[in-house]
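Take a look at the structure below.
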Amino acid sequence: MVEASQAARGLKVLREEAGLSMRQTADALGMSLTGYQHYEDRFKKPFLPVDLMRRVAGILAERGIAADRAMELAGTTPDLVGIEPAPPGSVPAQPTIAARPPTADLRSAGPTVVHFDRARRLPVYGSAQAGPDGQRIDFDPIEWIDRPEALREVNGAFAMYVVNDSMEPKYEQGDMLYVHPTRVPRRLSHVVIVKTDGTALVKRLVRAEADAVVVRQYNPACEYVIPRDQVKALYLVMGSMDGR
């Protein structure tokens with residue numbers, strides 16, 4: 001079981017204090033439920049992504065929660081990054097609820113996060129489901145990270161999280177995948193398959209045929225066929241970062 005960081009636990013505290021469910025928060029952020037759950041249940045870094053928390057702060061502000069309480073979970077303050085207001089109608093009206101106990105002080109010593117040059121950063125897009133059903137992918141960054149050396153000068157490169165265990169032991173739930181957008185995958189490469197219905201899969205490429213793509217998963221071990229007319233894109237996985 002992956003233990004979430006103090007910042008992730010703090011995000012849950014603020015969401016519950018605002019009287020929002022995970023689903024309501026994910027919808028207001030324009031994210032999948034699974035993508036948002038990663039930040040509350042499996043995120044292990046000491047600070048949450050600044051871009052994410054700017055948007056969260058805007059949503060929580062609609063519920064009367066001060067922006068600095070959200071931004072301290074990203075290791076910064078509202079005056080350094082600015083706050084994005086929640087889109088009109090995206091946050092459900094607040095019901096009448098009983099008073100909640102005060103939130104614990106989650107301040108932590110650490111460097112102040114400042115503006116960064118996104119041209120030198122790598123966007124993280126949603127989460128990739130490792131199982132056969134897939135996770136709908138939205139090519140709208142949920143955070144920005146440092147580029148690995150192999151993708152330093154690659155235009156269009158991106159990263160995404162694995163959200164289940166069907167590619168274990170190679171990739172575990174919470175691992176981050178680094179993806180090359182143009183390099184052609186070879187046989188037995190690990191790939192991200194984006195289907196025409198918008199879902200994404202992480203698999204090992206067995207072979208690509210004229211009318212189908214044959215892939216393999218590890219847990220449980222099996223191979224299956226995806227018709228070519230259901231495949232929108234096939235991306236090469238260049239590496240990963242352990243999510244533990």
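The values are calculated or read from the model by the stated rules, or taken from the named source; none is laboratory data. Because the structure is a prediction, the values reported are computed rather than measured. Note that each Cβ is placed from the backbone with ideal geometry, even for glycine, and that neighbours are counted across all protein chains shown.
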- From the option list D211, D197, single residue qualifying as modelled with pLDDT under 90, exposed (fewer than 15 other Cβ atoms within 10 Å of the Cβ) and touching a strand residue (DSSP E or B) at 6+ places or on another chain (Cβ under 9 Å) is D197
- Message: Quick test of your reading of the structure: Q135 fulfils all but one of (1) at pLDDT below 65; (2) crowded, with 20+ Cβ neighbours inside 10 Å; (3) at positive phi. Name the failing condition by number.
- Response: (3)
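Need a quick list: helices (runs of 4 or more DSSP H) entirely within the stretch 1-74 having at least 2 residues that are among the small types (G, A, S) and crowded, with 19+ Cβ neighbours inside 10 Å.
6-17, 50-61, 67-71
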- Query: So which strands (runs of 3 or more DSSP E) stay within the stretch 171-215 end to end and still have 2 or more residues that are within 24 Å of E153 (Cα to Cα)?
  - Reply: 176-180, 190-195
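A150 - would you say it is assigned by TED's automatic domain parsing to the domain that holds Q230, at pLDDT 85 or above and in contact with a helix residue (DSSP H, G or I) (Cβ under 6 Å, 6 or more places away or on another chain)? If you could, list the steps in order and put the result at the bottom.
On the way: assigned by TED's automatic domain parsing to the domain that holds Q230: yes; at pLDDT 85 or above: yes; in contact with a helix residue (DSSP H, G or I) (Cβ under 6 Å, 6 or more places away or on another chain): no.
Spelling it out, it is not the case that A150 is assigned by TED's automatic domain parsing to the domain that holds Q230, at pLDDT 85 or above and in contact with a helix residue (DSSP H, G or I) (Cβ under 6 Å, 6 or more places away or on another chain).
Does any residue of the stretch 49-63 turn out to be farther than 24 Å from F139 by Cβ and either at pLDDT below 85 or under 18 Å from the mean Cα position of the chain (by Cα) (or both)?
There is no residue in the stretch 49-63 that is farther than 24 Å from F139 by Cβ and either at pLDDT below 85 or under 18 Å from the mean Cα position of the chain (by Cα) (or both).
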- Item | Subset of the stretch 163-181 (residues that are of a type in the set (S, T, Y) and at pLDDT below 90) | S166, Y171
- Task: Quick one: count up the residues across the stretch 216-242 that are outside any strand (DSSP E or B) and either of a type in the set (D, E) or not assigned by TED's automatic domain parsing to the domain that holds P181 (or both).
- Result: 2
